[in-house]
1. With both partners inside the protein assembly as shown, how many of the DSSP beta bridges are antiparallel, as a percent to the nearest 5?
2. Just check the protein assembly as shown against the gyration tensor rule for me: Cα atoms, a ≥ b ≥ c as the square roots of the eigenvalues, rounded for a/c under 1.5, and otherwise prolate or oblate depending on whether a/b exceeds b/c.
3. Other chains' Cβ within 10 Å of B:270-278 residues: what's the mean?
4. Counting only residues 5 or more places away or on other chains, whose amide H sits under 5 Å from the amide H of B:L122 once H atoms are built in the peptide plane?
5. So who's got an amide H within less than 5 Å of the one on B:R10, skipping anything under 5 residues away but keeping other chains? H placed 1.01 Å off N, in plane.
6. Under 5 Å between amide H atoms, partner at least 5 residues away or on a different chain: which partners does B:A154 have, H built in plane at 1.01 Å?
7. Which order, highest average first, do B:236-243, B:284-291 follow once you tally other Cβ atoms within 10 Å for each residue and take the mean per peptide?
8. Apply the Karplus parameterisation 6.51 cos²θ - 1.76 cosθ + 1.60, with θ equal to phi minus 60°, to every residue of region B:145-155 and state each ³J(HN,Hα) to the nearest whole Hz, in sequence, with x for glycine and proline.
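Computed from the coordinates by the stated procedures, all read-outs in this text should not be read as laboratory data. It should be emphasised that the depicted structure is a prediction, and the values quoted were computed from it without experimental measurement. FYI the Cβ positions are ideal-geometry reconstructions off the backbone, even for glycines, and counts take in every protein chain you see.
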Amino acid sequence: MFSRFTVQELLTVFMVSAAVFFLLFRVARILWKSFIRDSLAKWLLKKGHITLAFRIRHGRPRRDTLTPYGTFRDR
Amino acid sequence: MAEQRAPTIRIALAGNPNCGKSALFNAMTGSRERVGNYPGVTVEKREGSARGPSGTRIRLIDLPGAYSLNPRTPDEEITREVILGLHKSEPAPDLIIAVADASNLSRSLGFALELKSAGRPLVLVLNMIDIARGRGAELDLKILSEELGIPVVATVATQARGINELLQAAEELLRNKTPPRGTAGPAPDTQARFAEIDRVLKAAFRHAPRPALWTERIDRFVLHPFFGSILLFLILAFLFQAIFNWANTPMEWIRAGTDSLGVLVESTFSEGPLRSLLVHGVIAGVGSVLVFVPQILLLFLFILVLEDSGYMARAAFLMDRLMGRVGLHGRAFIPLLSSFACAVPGIMATRTLESKRDRLATILVAPLITCSARLPVYALLIAAFIPNRGLLSLAGFELRLQGLVMLGLYFAGVIASLAMAFLFRKTLLKGPPPPLLMELPSYKWPTFRNLALGLMERLGTFLRRAGTVILALAIVLWFLASYPKPDPITTSQAAALPPLASSYAGQIGRALEPIFRPLGFNWQIVVALIPGFAAREMMIGALATVYSIEASTLGTGGALSTHLARDWSVATGLSLLVWYVLSCQCFSTLAVTRRETNSWRWPVLMLVYMTVLAYVGSFLTFQFVRALGGG
């Protein structure tokens, strides 16, 4: 199927597609950080999923986060 | 059993604004966080890692500057929460380093005493000890340490002096688990704290530092309402003129480099879509933006020198009367100043403002301040439409019309932001005019390291943008401007329309053109405005791609500014300049406004009011210049 296209054409299609996906990803990331993350965490909190909401809002606890039992890594 | 690794200890750096916390953070961690000689540079906590002399792993937290643990601003709130262990995602630090400006100890010690009352292990750092000693200060660190009941270390953070001693003191304190002496009972009230500071300083100082006489002498002139304003104008005029005069040669080198690369690719690749994509999309699009790197670096170099020397805080003081009249808080100067680089950190820097109304007013007008992404667009349009006529020659330095127009555009942004702030404060965000309480830092020579790091950081940011967003936009735009190819069967129909005009980009541009026709914009400009939303400077890349494809099909050539001067009227060029001064063409700015205000209302308001303002401004400019015969 690809033999119908030249290498130049295939590379061009690849570069254009990569650029489009990259831009879509950038837009999605900005939207996620600016409001989707917070809204989702609030909704999860309302539904009672406290741990999941915390993880979405603040990320996974750091390995060296101090807990009452020592650091996360110590455990 | 595997050997258990020693846990990381958490150390927080806290102190008054502009006492050198971030410089100390950089010296301890080897980081390159932004520092500046004015209060309010750090508005978020930052983390870095360091190693103690005996190998202890340290996680260092740089906190925003605060005057007390009773926060008045959102950034001070972060400091309080972390220090008291109330922060949601940050455990309480194992040790606090209270950073104090050694040349102004009577002020800095108040916060240090408050930190002491938090009851955690505490080390006091007397930073900028070289400046204090230069002013004749003689201080006994041992007595100070005994009087305060905490270890005291002297440092010069910008030269990384005293860092080992500080880390040693921190390790020793944690090894012995010694809380500060004299923290039992309730925290002393303000009066008791001042009395305690007087007592401690009397005991520790053999000679107190003299006031900064040079700073006072210079300030008599620099802060003079009349002469100070003239000096400010002259400095800015010099700055913008120098951007045009000094950047020309390196810009020519980059232009020649990208042109040669284009020729090389053209001769290496056979005719085909990839060659067209590389030459007209990537090299023409990204190269036309990269050409402006020298101008951007020069602008940042001047801003960094003015910041580091302490002049920027004076400029804030001079502008305060004007800002107070339009209802902006004096501290809003710092966010607005940051917006000259980019509106995103500018909007984040509004966290230093106490009242929500002040914050909102500043956030709404910050994008009107000319950011560095607008600079290439201004430079291109000025080069195309403004004659490079000399106006005034002074001591071998010539003030030319192009530099003056650039300065005018920057002023236009400032005036528009002040006018809109006035309007917002009189309508949506009514409130009493806030007083200015701002500390003026003493003058300092900018350090080479700080300037170099600052420039490298800006250059890195710009090149990252050029290599990612701008590159991707250039590729997509090339595709939109090159396809669909005219059908050879209907060539006779297509002959009426050039291939570019019938491309996807041409179709989009021509569909939107009627909306922008009253502003004098042709469809090529309309096409270029769309990617400008993702990165303002991409407008140049977009125009370069569109005109490069057009030139290749029509067989014309020449620099982009020559194309613009030939194809556009002066009225169109000036109308586009006004559009760029006033429009909110930045997706990231809207997103960060949403995040900082926690509401869609304000970014939508920002987008609507700035678009209306830009449309009306461009329309009036176009019609006025055309009536004068510039159409």
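1. On the way: 15 of 34 bridges.
The antiparallel fraction comes to roughly 45 percent.
2. On the way: a/c = 2.13, a/b = 1.64, b/c = 1.30.
Taking the square roots of the gyration eigenvalues as a ≥ b ≥ c, the protein assembly as shown is prolate.
3. On the way: counts 2, 1, 6, 9, 10, 2, 2, 6, 4.
Across the residues of B:270-278, the mean count of other-chain Cβ atoms within 10 Å is 5.
4. B:I96
5. B:R59, B:D94, B:L95
6. Residues meeting the amide H criterion: B:L126.
7. Values: B:236-243: 19.9, B:284-291: 25.4.
Going from most to least packed, we get B:284-291, B:236-243.
8. With the stated coefficients, region B:145-155 comes to 5, 5, 5, 7, x, 9, x, 10, 10, 9, 9 Hz.
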